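Novice: If you scroll down you'll find the structure; I have some questions about it.
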Amino acid sequence: MKIRRSERLIDITRYLLERPHTLVPLTFFAKRYESAKSSISEDLGIVRRTFHNRGTGILETIPGAAGGVRFIPTISQDEATEFIEAMTAELSEQSRLLPGGYVYLSDLLGQPEVLRTVGRLIATQYVAQEVDAVMTVATKGVPIAQSVSQYLNVPFVIVRRDSKITEGSTVSVNYVSGSSERVEKMELSKRSLKKGSRVLVVDDFMKGGGTVNGMKSLIEEFESELVGVTVFAESAFAGERAIADYTALLSVDKVDSRDKTIHVAPGNYLRRTFK
């Protein structure tokens, strides 16, 4: 159906935003709007400049007969800094302090706008790397994994600590909890992850790193590769963490259980992402 250019631009933008990391041939848009490829190319140029100027993402052009355009979501350094600073203030509230030095996050990670931004933040960090799946452990990391997987356009898999009959056959590993030093078990359905997958691990909170290290062991059991680890927040930890190479958006650097005070600072995300 032939439509006006303004309507075409809106529909092209919507189509690309809903299909990140998906190669769309120019012929598809040409047939969709009954327009010449030259007109579509001009429209995509406008969309590309707007995405760049607004920090929405990158519109990548793939040349050749099998080419097209691909939208890669990103976030600007200014927007990332503003969000992380807002989160540090929000999480530093005294009422969020939980026993054991943990921070109450459930309300924040239940807000769609927060989850969308967290997803863009993490997806931006891995924009230049190949990721086949996003992994997390049930249950609080699930919303983060879902958001990240949406922006990377890859599946997400959920590791569980107990057996579910609906999961079928599973692979399990024992790991040592970094904070309590107890031996625990986690497992993943054999159908969840393909051999040779490149896996990104995400979680809501990390203390000793034992849970993340357990997921790393599971990935190795599937003969797959760990691409990276990113957590929403980390806490101060006196000992040696079970995993050293990771990214944290936020850092709970000071906790006083006696005075019930907490201080949250930006993690290493900004430094590692915007070098």
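The values are calculated or read from the model by the stated rules, or taken from the named source; none is laboratory data. Since the model is a prediction, treat every value here as computed from it, not as a measurement. FYI the Cβ positions are ideal-geometry reconstructions off the backbone, even for glycines, and counts take in every protein chain you see.
Novice: Specify the residue that is surrounded by the most Cβ atoms within 10 Å (Cβ to Cβ); the eligible residues are those in the stretch 67-83 that are within 29 Å of D43 (Cβ to Cβ) and among the β-branched types (V, I, T).
Specialist: Of everything passing the filter in the stretch 67-83, I75 is surrounded by the most Cβ atoms within 10 Å (Cβ to Cβ).
Novice: Assuming A86 fulfils every condition listed in (1) in the same structural domain as Q146 (by TED's automatic domain parsing); (2) loosely packed, with under 12 Cβ neighbours inside 10 Å apart from one, which condition is it?
Specialist: A86 satisfies all of (1) in the same structural domain as Q146 (by TED's automatic domain parsing); (2) loosely packed, with under 12 Cβ neighbours inside 10 Å except (2).
Novice: Can you pull out the residues in the stretch 122-145 that are farther than 16 Å from F205 by Cα and out of contact with any helix residue (DSSP H, G or I) (no Cβ under 6 Å at 6 or more places or on another chain)?
Specialist: Answer for the stretch 122-145, where residues must be farther than 16 Å from F205 by Cα and out of contact with any helix residue (DSSP H, G or I) (no Cβ under 6 Å at 6 or more places or on another chain): T124, Y126, V127, A128, Q129, E130, D132, A133.
Novice: Can you find, within the stretch 186-213, the residue that is surrounded by the most Cβ atoms within 10 Å (Cβ to Cβ) among those that are without any contact (Cβ under 8 Å) to a residue 60 or more places away in the chain and part of a helix (DSSP H, G or I)?
Specialist: V212
Novice: With the requirement that a residue be part of a loop (DSSP other than H, G, I, E, B) and either of a type in the set (F, W, Y) or closer than 24 Å to Y104 by Cβ (or both), what does the stretch 169-180 give you?
Specialist: Within the stretch 169-180, the first condition is being part of a loop (DSSP other than H, G, I, E, B), and the residues that meet it are 169, 177-180.
Those that are part of a loop (DSSP other than H, G, I, E, B) and either of a type in the set (F, W, Y) or closer than 24 Å to Y104 by Cβ (or both): S177, G178, S179, S180.
Novice: Checking the conditions here, which among A138, A145, A128 is closer than 20 Å to I75 by Cβ and either among the acidic types (D, E) or surrounded by fewer than 17 Cβ atoms within 10 Å (Cβ to Cβ) (or both)?
Specialist: Working: A138 fails: closer than 20 Å to I75 by Cβ; A145 fails: either among the acidic types (D, E) or surrounded by fewer than 17 Cβ atoms within 10 Å (Cβ to Cβ) (or both).
One residue alone meets the criteria, A128.
Residues are listed down the side, and each one gets a yes or a no for (1) among the charged types (D, E, K, R); (2) assigned to a strand (DSSP E or B); (3) not assigned by TED's automatic domain parsing to the domain that holds L115:
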position: E223; (1), (2), (3): yes, no, no
position: T230; (1), (2), (3): no, yes, no
position: F237; (1), (2), (3): no, no, no
position: E240; (1), (2), (3): yes, no, no
position: V252; (1), (2), (3): no, yes, no
position: D259; (1), (2), (3): yes, no, no
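Novice: Here's another thing I want to ask about it. Inside the stretch 249-268, can you point out the residues that are surrounded by fewer than 21 Cβ atoms within 10 Å (Cβ to Cβ) and either touching a strand residue (DSSP E or B) at 6+ places or on another chain (Cβ under 6 Å) or in contact (Cβ under 8 Å) with a residue 12 or more places away in the chain (or both)?
Specialist: S251, D253, K254, V255, S257, K260, T261, H263, A265, P266, N268
Novice: Could you identify the single residue in S95, S41 that is surrounded by 14 or more Cβ atoms within 10 Å (Cβ to Cβ) and more than 24 Å from the chain's Cα centre (by Cα)?
Specialist: Within the list S95, S41, the selection yields S41.
Novice: For the stretch 214-238, how many residues meet the condition of being surrounded by fewer than 19 Cβ atoms within 10 Å (Cβ to Cβ) and in contact with an Asp or Glu (Cβ under 6 Å, 6 or more places away or on another chain)?
Specialist: Residues in the stretch 214-238 being surrounded by fewer than 19 Cβ atoms within 10 Å (Cβ to Cβ) and in contact with an Asp or Glu (Cβ under 6 Å, 6 or more places away or on another chain): 1 in total.
Novice: In the same structural domain as P266 (by TED's automatic domain parsing) and either more than 22 Å from the chain's Cα centre (by Cα) or touching a residue at least 40 places away in the same chain (Cβ under 8 Å) (or both): does that describe A123?
Specialist: Criteria met by A123.
Novice: Can you give me the number of residues within the stretch 52-66 that are surrounded by 13 or more Cβ atoms within 10 Å (Cβ to Cβ) and in a loop (DSSP other than H, G, I, E, B)?
Specialist: Residues meeting the conditions: 2.
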